[in-house]
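Let me begin by presenting the structure, written as structure tokens, before commenting on it.
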Amino acid sequence: MVSSAPSYPPSRDLLKDKSVVITAAAGTGIGFATAKRCLEEGARVMLSDWHDRRLNEAVNQLNSEGYNAASVVCDVTKEEDVQGLISSAEERFGLIDVMVNNAGLGGDDNLVEMEDEQWNRILDVTLNGTMRCTRAALRHMVGNKAGVIVNNASVLGWRAQAGQSHYAAAKAGVMALTRCAAIEAAEFGVRVNAVSPSFASHPFLEKVSDPKLLKALESQEAFGRGAEPWEVANVIVFLASDLSGYMTGESLSVSSQRA
């Protein structure tokens, strides 16, 4: 049986006057949903993505709804882009209160057929990119003795799925990075956590994925459906907010997968 998504939640000003930077926020996925939820919760938001046109479309859509989102093009595989993103956020906001590292790249490749380039590309975007952005944000936040970082991991950091060795290894690395960075940052009042979704449905995913695979993934969920991107974004907002003030180093699963 398929359960429908709950009603879209009203704003509770959980991030009122907070400044938030979000990577990979263009398109229709978790990043864009997070940007919208953060704006609805009263935050000032800077979106980034490597794709200029899609990024502009995302910002224009949000601003047409009455918000005032900013944007910076950033390829997380390039250190100079990451530094530019942080510098732009500092110039616009002064302080960066929240950094959401959403950038990641997937694939479907059995290990025996995988080329080094396929492995390296996914690790560079998903793990190394998260490291670069976490490092840059920490250098800003440690000096201010405040801040929150939320990384996007995956349940595949814990669980096995054929064709996903590169992606799963990267996401397990994001979880380990989150734990270690959190311990290093704690003395400076900075929190670092991760959200680990199982399967979030959105139009872009449906365009690039095998319908049979998506149906199979949905069947593994207790609710009989993938999460709406905003359902994952809700948890990111929670981790970014003061409601999770005692949490650090955690990877919080957003999943209804059957055991």
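Nothing in this text is a laboratory measurement; each read-out follows from the coordinates by a stated rule. Predicted model, so just to flag it, every value in this text is computed and none were measured. In this analysis, Cβ positions are derived from the backbone assuming ideal geometry, glycine residues included, and neighbour counts consider all displayed protein chains.
The table below gives the values:
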quantity: Calculated FRET value between Q257 and N68, using beta carbons and R₀ = 41 Å, to 0.05; calculated: 0.60
quantity: Computed FRET value (nearest 0.05) for A216 with Q83, which takes r as the C-beta separation and R₀ as 35 Å; calculated: 0.30
quantity: Whole-Hz ³J(HN,Hα) from phi, Karplus 6.51 cos²θ - 1.76 cosθ + 1.60, for the stretch 4-11, glycine and proline x; calculated: 6, 5, x, 5, 4, x, x, 6
quantity: q = 0.10, 0.11, 0.15 Å⁻¹, the chain: log10 I(q)/I(0) [Debye, one scatterer per Cα]; calculated: -0.45, -0.55, -1.08
quantity: Residue-span extension gain [A162 to E91] - 0.36 nm each, minus C-alpha spacing; calculated: 21.1 nm
quantity: T130, T77 arranged by Cβ crowding within 10 Å, fewest neighbours leading; calculated: T77, T130
quantity: Under-5 Å amide H pairs with V192, H placed in peptide plane, nonlocal only; calculated: I149, G249
quantity: Backbone HN-Hα couplings from phi across the stretch 157-165 [Karplus 6.51/-1.76/1.60, Hz, Gly and Pro as x]; calculated: x, 10, 10, 9, 8, 4, x, 10, 4
quantity: Estimated FRET transfer efficiency (D116, N56; beta-carbon r; R0 35 Å; 0.05); calculated: 0.55
quantity: Pairs beyond 29 Å (Cα-Cα), from K16/K145; K18/K215; K16/K78; K78/K212; K78/K215; calculated: K18/K215; K16/K78; K78/K212; K78/K215
quantity: Share, in percent, of DSSP beta bridges within the chain that are antiparallel, nearest 5; calculated: 5
quantity: For the stretch 15-31, 3J(HN,Hα) per residue [Karplus equation, 6.51 cos²θ - 1.76 cosθ + 1.60, θ = phi - 60°, Hz, x = Gly/Pro]; calculated: 10, 4, 6, 7, 9, 10, 10, 10, 8, 6, 9, 7, x, 10, x, 5, x
quantity: Fraction of antiparallel bridges per DSSP, the stretch 129-257 only, in percent to nearest 5; calculated: 10
quantity: Pairwise label distance in nanometres, S11 with D124, each label 7 Å out on the Cα-Cβ vector; calculated: 4.0
